[in-house]
1. Under 25 Å between alpha carbons, and skipping anything fewer than 8 positions from LYS104 in its own chain: which lysines qualify?
2. Please state the charge dipole magnitude for the stretch 77-186, taken about the Cα centre, from unit charges on C-beta atoms (+1 on K and R, -1 on D and E), reported in debye and rounded to the nearest 20.
3. Starting from the Cα of THR8, step 7 Å along the direction of its Cβ; do the same at ASN98; then give the gap between the two resulting points in nm.
4. For the stretch 44-186, with every protein chain kept in place, what is the accessible area per residue (1.4 Å probe, Å²)?
5. What dipole magnitude, in Debye to the nearest 20, does the chain give about its Cα centre under +1 on Lys/Arg Cβ and -1 on Asp/Glu Cβ?
6. Cross-link candidates for LYS172: which lysines have Cα within less than 22 Å, leaving aside residues fewer than 8 places away along the same chain?
7. Which helices, taking whole DSSP H runs in the chain, have alpha carbons extending 27 angstrom or more along the helix axis plus mean Kyte-Doolittle at least -1.0?
8. Multiply the residue gap between ASN161 and ARG60 by 0.36 nm, knock off their C-alpha separation, and tell me the result in nm, one decimal place.
Amino acid sequence: MAELIKPTEIAGGAVYGVRQMSYAVDGVSGQDYGAALAAAAFKESVAIETSASAYAEVVRQREKKISDLGDVLAVLSKAIATMNPKSNDTGKKSDADNALITAKNTCASYGVTLSLSDGNKITFKNAQTGQTNVQYALDKEDNNLQQDLITLRSYITKRDNAYSTAARIIDKFNNAASNTIGNIGG
């Protein structure tokens with residue numbers, strides 16, 4: 001990997017005894033000090049932006065999981081609603097519903113257990129157990145999501161600060177160059 005900034009002294013070039021330099025910035029020679037400053041300052045910003053983008057993807061995946069598990073809870077609630085509320089039999093079964101098969105597959109993809117009976121029915125006991133398992137997974141995922149959102153906000157703040165710092169450095173360089181030219185009388 002090439003050096004980001006490589007200074008090269010300009011042979012025989014001096015102004016009031018100060019050696020003059022040329023810079024190779026990201027492999028492009030003949031750049032000035034401002035280009036070198038900009039490259040160095042913005043490199044940090046880009047690195048932080050890359051990390052923030054990766055965290056944003058993690059947040060999107062967690063939000064999808066929460067949404068999917070929320071859909072499973074809705075299917076389980078619907079299944080429980082089809083059961084005889086007056087019966088104390090924990091083995092009572094819901095009406096047949098293909099959404100239960102989808103819910104089971106969704107649960108399996110996230111490592112949550114949901115047991116069906118008779119293909120597309122669920123017992124009252126299994127529905128309650130499934131609700132508990134899904135709610136636990138939702139709570140856990142929500143906590144993880146909140147932590148990831150805090151981290152993402154931190155990355156965004158760091159990125160914004162890095163861009164601001166880069167802009168201030170470049171402004172200072174431009175002001176110094178203008179003041180120097182003004183002082184020389186140009």
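The values are calculated or read from the model by the stated rules, or taken from the named source; none is laboratory data. It should be emphasised that the depicted structure is a prediction, and the values quoted were computed from it without experimental measurement. Glycine gets a Cβ as well: all are built from the backbone with ideal geometry, and neighbour counts include every protein chain shown. Ligands, DNA and RNA are stripped out before the accessible areas are found, and what is left, the full protein with its side chains, is counted by its heavy atoms. Shrake-Rupley method; radii C 1.70, N 1.55, O 1.52, S 1.80 Å.
1. Candidates past the 8-residue exclusion: LYS64, LYS65, LYS78, LYS92, LYS93, LYS121, LYS125, LYS140.
2. So the dipole magnitude of the stretch 77-186 works out to roughly 60 debye.
3. Label-label distance for THR8 and ASN98, simple model: 7.0 nm.
4. Heavy-atom SASA per residue in the stretch 44-186 reads 61 Å².
5. Dipole size: approximately 460 debye.
6. Partners found: LYS6, LYS43, LYS158.
7. 33-81, 124-184
8. Taking ASN161 through ARG60 to full extension adds about 33.9 nm, to one decimal.
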